[in-house]
Amino acid sequence: MRDARSDGEAAFVPDPETMRRLGYRAVDLIVDRWARLPEDRPWGGATREELAAILDGPPPATPQDPEALMERAVEQVFPYTARLDHPRSFAFVPSSPAWSSVLADILVSGHNVFQGTWLASGGPSQVEATVLEWFRVWLGMREGAGGVLTSGGSAANLLAVVTAREVAGWPDAPVVYLSDQGHNSLSRAARVAGIRPEGIRVLPTDEGLRLRPEVVQGVLREDREAGRTPILLCANGGTTNTGTVDPLEELAGLCRAEGLRLHVDAAYGGFAALTPEGAGELEGLGEADSITLDPHKWLFQTFECGCLLVRDPGELEAAFRSRAEYLQDTDVTGAEINFGNRGVQLSRSFRALKVWLSVQAIGTDALAEAVRAGILLAKQAEGRIRDSAELELLHPRGLSVVCYRYRPEGSWSEAALEELNVAIQSHLMEGGHAMVSSTRLRGRYALRLCIMNHRSRWEDVEAVLSRVEAQGRRLAAGGPVR
Ligand SMILES: *Cc1c(COP(=O)(O)O)cnc(C)c1O
């Protein structure tokens, strides 16, 4: 009879030779994917029914060959995904990690660090502090500001809203102000933080899709007169929709004068501060009380890596620190940081290593150039759209986002234009040409490019725009559909 336990032991920890062989195989599979990426389709999908038929089934009782399983994942699982790092992936907010970020993930996984306390992870916790300090300087926040790495921007926004509620002393009728262009994770954060619907005020933006300080001032007065307590204004450091940045400097001034806390959601746009163009658009960002960043977006990191920075990290600890007898050994001298006390995760992975390793492996000059390339390509796309007789720019470029649509000659109703552009968009996706997405601007359907991949070149962007024109021409040949 086979000994299930010793079979199992070898499966937990194979001999070093086998570990190496399997490890190198995993690396080969990853490198093959990266090398083939430009020729690969930017997107693959299937229905639940189709995928369940391939993948569902009970787990086996006996050990299976890990190499065959890895190969199966590569053949049957990963193909059904968006390749967010494909050079023609411009949908939503893409992510194109640097190789050094992947290497760090491998190291972290193999060392399986628990990064909730300094005691369990002094080295990694110092690396996180170092990386946060880099971010603080890049964004121009005051000395002493700090924060925590999170799973992403949504988690960071949640910490920001909860911290605001705690700093305000959890008043009876707290009010959080959001822009109508704000990311949906902010209103969700407010709900999770226990803010009642009437305390979540979504403010209208102006023609440029920016928050107006007068509007903020007006609602503040109104709410205070009604006995409510404003606790937080959430502004945008680059909206997901259009890349638009709110007038941060003016809003910071207003918040200071009104004693209102300012949070800037810069999950998409924050790292544009590394470039002269982006720093110009993000003027005033560093004056915020808290800032959300997403290194897994424009800092070329693998998922998951988000960040919340606050002017005073003590506020985070006041909001999230919780004492437990079984953690009494974890305070060292008091100067050390227990990152588990700066958010809701106690067991945390060592996310900082990938930032630390890749920023140094690339160097800040090349890093800034890669961010800048996205902005310059978006500018070029904006010019190309303005010059085209068939494309209509629907909003001025913001950072690296451009919104536009196909618009043929003749009189087309809004509904007919929408139908036409929906068809163009699905042609691009289904045909495997590009990964693009759409949005709605003041009710109008817009095609959208978000350009932030270190691999993307002008010919990738141009290929999408030319195909939109060609397909638009083909579909519009018969005249308006209605
Ligand atoms: C992506 C994004 C978020 C959410 O971040 P996740 O990392 O996806 O959780 C929040 N705000 C903005 C502006 C974003 O672009």
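The values are calculated or read from the model by the stated rules, or taken from the named source; none is laboratory data. In this text the structure is predicted, and so the values were computed from the model without any measurement. So basically every Cβ, Gly included, is an ideal-geometry build from the backbone, and we count neighbours across all protein chains shown. These area figures cover heavy atoms from the full protein model, side chains too; ligands, DNA and RNA do not enter into them. Shrake-Rupley method; radii C 1.70, N 1.55, O 1.52, S 1.80 Å.
A few remarks follow.
- In region 379-404, residue most open to solvent (accessible area, probe 1.4 Å) [restricted to those that are closer than 18 Å to Gly243 by Cα and of a type in the set (Gly, Ala, Ser)]: Gly383
- Pairing each residue of region 150-165 that is of a type in the set (A, V, I, L, M, F, W, C) with any residue that is crowded, with 23+ Cβ neighbours inside 10 Å and in a helix (DSSP H, G or I), provided the two are 6+ apart or on different chains, yields C-beta distances under 8 Å for Leu158/Ala189; Leu159/Leu316; Leu159/Arg342; Ala160/Ala189; Val161/Leu186; Val161/Ala189; Val161/Ala190; Val162/Ala189.
- Elements of the type strands (runs of 3 or more DSSP E) sitting completely within region 257-311 and holding at least 2 residues that are under 13 Å from Gly237 (Cα atoms), open to solvent by 10 Å² or more (accessible area, probe 1.4 Å) and within 9 Å of the ligand (Cβ to nearest atom): there are none.
- Failed condition for Glu419, given (1) in contact with a Cys (Cβ under 9 Å, 6 or more places away or on another chain); (2) of a type outside the set (A, V, I, L, M, F, W, C); (3) at pLDDT 95 or above: (1)
- Residue match in region 412-431 (condition: under 30 Å from Pro97 (Cα atoms), within 23 Å of the chain's Cα centre (by Cα) and among the aliphatic types (A, V, I, L, M)): yes
- Residue check for Ala164: open to solvent by less than 10 Å² (accessible area, probe 1.4 Å) and either more than 18 Å from the chain's Cα centre (by Cα) or within 15 Å of the ligand (Cβ to nearest atom) (or both): yes
- Some residue of region 215-234 being within 14 Å of the ligand (Cβ to nearest atom), within 23 Å of the chain's Cα centre (by Cα) and either crowded, with 20+ Cβ neighbours inside 10 Å or closer than 18 Å to Val161 by Cα (or both): yes
- For region 1-27, filtering for residues that are without any contact (Cβ under 8 Å) to a residue 40 or more places away in the chain, part of a helix (DSSP H, G or I), closer than 20 Å to Pro60 by Cα and more than 36 Å from the chain's Cα centre (by Cα) leaves 3.
Condition check ((1) outside any loop (DSSP other than H, G, I, E, B); (2) away from the ligand (no atom under 16 Å from the Cβ)) across all residues:
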{"site": "Ala120", "(1), (2)": "no, yes"}
{"site": "Thr130", "(1), (2)": "yes, yes"}
{"site": "Arg136", "(1), (2)": "yes, yes"}
{"site": "Ala155", "(1), (2)": "yes, no"}
{"site": "Gly169", "(1), (2)": "no, yes"}
{"site": "Val175", "(1), (2)": "yes, yes"}
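- Pairs linking a residue in region 290-308 that is closer than 17 Å to Val162 by Cα to a residue that is more than 11 Å from the ligand (Cβ to nearest atom) and charged (D, E, K, R), with Cβ atoms under 9 Å and 6 or more positions apart or on different chains, are Ser290/Arg261; Ser290/Arg311; Ser290/Glu315; Gly306/Arg351; Cys307/Arg351; Leu308/Arg342.
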